[in-house]
């Protein structure tokens, strides 16, 4: 009888608990592996999108500079600055803040603007360093592009908004989930454009991916916010102007809901464990206990108590 009484604890210790532990380890390992694969999948997707967007923005900025450079070189060889501004196709579409042509001594040679007064552009230009082609963020959020002719005699400057640079359109195409954010920063880590709530001009040095992008790198980083929500940030550089582009989103937002349910796999062990315990209890009540009763009756019969054999024994029938 003592051997039978020790069978239930033995089953629990030798069969049920080790099997449950094995299932838990396997489920947790599989879930962790699956979670890492999903994180990497989202990161790879966002990185590819960031690279394509940065390349498109690079091409757009190069086009802006090329338009101004063409005017500067033409005026430098003696062509009319007014005629050059008029003949440039879609000039005001590219530079919605206007374009000015300046002489070597800083005199205004010609201007083109949707508003008749290019005063704001000229005021920005007074404080802008000249030299190599550059793109500067102005206090009001506008962008000032400045180009000088090869001989240094002509300066052409154009002022344009982020809308003219098509940054809102680029950001809209990049946002694959509601909480995704697209950020463009200048060489000083100031925000040029942000699809979220960050204001233009804000120092974005601590934003994940900004420092790496401004060093000319491309890649992804993972960072948790104050709510312990993990974000993936993909970044790439825009070498022509030393800018950086960052696409960030909670990686879980970009995962198909059906795939996210696989993260709940460990919870499936709870009913499995309950079922296993119930099976052991059923086995104990319907098999072990009847065997114990039978063992006890046999012992009593061996001692001459034959009435014990007449007592019914419960169990599986």
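What follows draws every value from the coordinates through simple rules; no lab data is involved. All of these numbers come straight from a predicted model, not from anything done at the bench. As a convention, Cβ positions derive from the backbone with ideal geometry for all residues, glycine included, and neighbour counts pool all protein chains shown.
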Quiz item: Looking at the P(r) of segment 81-164, how many percent of alpha-carbon pairs lie beyond 19 Å?
Solution: 30
Exercise. Compute the length gained on full extension between residue 175 and residue 45: take 0.36 nm times their separation in residues and subtract their Cα-Cα distance, giving the result in nm to one decimal.
Key: 45.6 nm
Exercise. Among 203, 253, 186, rank each residue by its count of other Cβ atoms within 10 Å, from fewest to most, as a rough exposure measure.
Key: 203, 253, 186
Quiz item: If you average 1/r over every pair of different alpha-carbon atoms in segment 207-255 and take one over that average, what Kirkwood value in Å do you get?
Solution: 11.1
Self-check item: Inter-label distance for residue 127 and residue 77, nm, one decimal - labels placed 7 Å from Cα along Cα-to-Cβ
Solution: 3.7
Practice problem: Starting from the Cα of residue 90, step 7 Å along the direction of its Cβ; do the same at residue 253; then give the gap between the two resulting points in nm. | Solution: 3.1
Quiz item: According to a simple spin-label model (label point 7 Å from Cα along Cα-to-Cβ), what is the distance in nm between residue 225 and residue 66?
Solution: 3.9
Self-check item: Value of relative contact order over segment 94-250, rounded to a whole percent, pairs C-alpha under 8 Å and six or more apart
Solution: 17
Quiz item: Where does each of 42, 232, 22 land when they are ranked from fewest to most other beta-carbon atoms within 10 angstrom?
Solution: 22, 42, 232
Practice problem: Using packing as a proxy for protection, rank 243-249, 189-195 so that the peptide with the highest average count of other Cβ atoms within 10 Å comes first. | Solution: 243-249, 189-195
